[in-house]
Amino acid sequence: MIHPKDILYEDNHIIVVNKRCGELVQPDRETEEALENDIKTMIKVRDHKPGDVFLGVVHRIDRPVSGAVVFAKTSKALARLNEMIRTGSIRKIYWAITEQRPATEAGSLRHYILRDSKSNRSKALDTPRGEAKEGRLNFEVKGASARYTLVEVELLTGRHHQIRAQLSKIGCPIKGDLKYGAKRSNPDGGISLHSREVSFEHPVRREPLTITAPTPQGDNLWAFFEEAVR
């Protein structure tokens, strides 16, 4: 069940929630347990709503990833937010803890992301191949500990496992991400990738919004980096 402290922003039109690693954003063929259903249940009980609760998923993040996820509470908001996603008008910032430090302190990555549905994995290719789609992001090193590096990523396209594949491609796998080359798993089974911030124009009021998601609680490494960048 969703906890009130996980709600980062809410009004009559949208709700932004800090997803925990391990949670699904939407139900799949194997389970109905997902953040989408938890939010619907919470709204129905809290607001004493009869009938079904409308909730639209604006974007998704992978199950082992934590952080900010935007949902629409009205069809008008959903339509406008979907258009923002299509045009790239929603700015998405991620934090990644990597096992290696990038060769440069900041830069841009451009690859062609080829998804393999059977293995649920993507490859970052230097040149186009088959159904591969262009993947672009900007990155900047924000801090370092004795063993790990904090990399801030601005996601410019939304391809399958894009950040995970592209950082692995440059020799910087994300901590805990065994699928993309990490040396060991995280204790909670997640990976150290966090949807840190979303910025967009409110779909109804047309005011700029920037919403920041605190890093996962109880994780000393995340706490170290969050304090270090203040």
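Checking each residue of the stretch 178-187 against the condition of being aliphatic (A, V, I, L, M), more than 26 Å from A72 (Cα to Cα), part of a helix (DSSP H, G or I) and under 16 Å from the mean Cα position of the chain (by Cα) gives no match. Criterion applied to S185, S117, S168, S122 was being of a type in the set (S, T, Y) and touching a strand residue (DSSP E or B) at 6+ places or on another chain (Cβ under 6 Å), and the one residue passing it is S122.
Results for (1) closer than 15 Å to S195 by Cβ; (2) part of a helix (DSSP H, G or I), shown as yes or no for each residue.
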{"position": "L24", "(1), (2)": "yes, no"}
{"position": "R29", "(1), (2)": "no, no"}
{"position": "I39", "(1), (2)": "no, yes"}
{"position": "L78", "(1), (2)": "no, yes"}
{"position": "N82", "(1), (2)": "no, yes"}
{"position": "S89", "(1), (2)": "no, no"}
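Take the residues in the stretch 108-138 that are over 14 Å from K169 (Cα atoms) and part of a strand (DSSP E or B); name whichever of them is most open to solvent (accessible area, probe 1.4 Å). This residue is R115.
Filtered by the rule that a residue be open to solvent by less than 60 Å² (accessible area, probe 1.4 Å) and aliphatic (A, V, I, L, M), the stretch 1-29 gives I2, I7, L8, I14, I15, V16, V17, L24, V25.
Going by the conditions given, is P216 under 27 Å from V58 (Cβ atoms), open to solvent by less than 50 Å² (accessible area, probe 1.4 Å) and either at pLDDT below 95 or not hydrophobic (A, V, I, L, M, F, W, C) (or both)? Explain how you work it out, then say what you get.
Numbers: under 27 Å from V58 (Cβ atoms): yes; open to solvent by less than 50 Å² (accessible area, probe 1.4 Å): yes; either at pLDDT below 95 or not hydrophobic (A, V, I, L, M, F, W, C) (or both): yes.
Answer is yes for this residue.
So, of the residues in the stretch 44-70 that are of a type in the set (A, V, I, L, M, F, W, C) and in a loop (DSSP other than H, G, I, E, B), which turns out to be surrounded by the most Cβ atoms within 10 Å (Cβ to Cβ)? My answer is V65. Of the residues E99, E105, the single one that is buried (at least 18 other Cβ atoms within 10 Å of the Cβ) and either under 30 Å from A144 (Cβ atoms) or acidic (D, E) (or both) is E99.
When the stretch 78-96 is filtered for residues that are surrounded by fewer than 19 Cβ atoms within 10 Å (Cβ to Cβ) and small (G, A, S), the ones remaining, listed by number, are A79, G88, S89. Of the residues making up the stretch 64-99, those that are basic (K, R), under 30 Å from I174 (Cα atoms) and modelled with pLDDT of 95 or more are R91, K92.
With the structure loaded, tell me whether A223 is surrounded by fewer than 21 Cβ atoms within 10 Å (Cβ to Cβ) and part of a helix (DSSP H, G or I) or whether it fails that test.
yes
The values are calculated or read from the model by the stated rules, or taken from the named source; none is laboratory data. Everything numeric here is computed off the predicted structure, so don't read it as measured data. Counting neighbours? That spans all protein chains shown, and the Cβs are built from the backbone with ideal geometry, glycine included. In case anyone asks, the SASA skips ligands and DNA or RNA and just uses the protein heavy atoms, side chains included. Shrake-Rupley method; radii C 1.70, N 1.55, O 1.52, S 1.80 Å.
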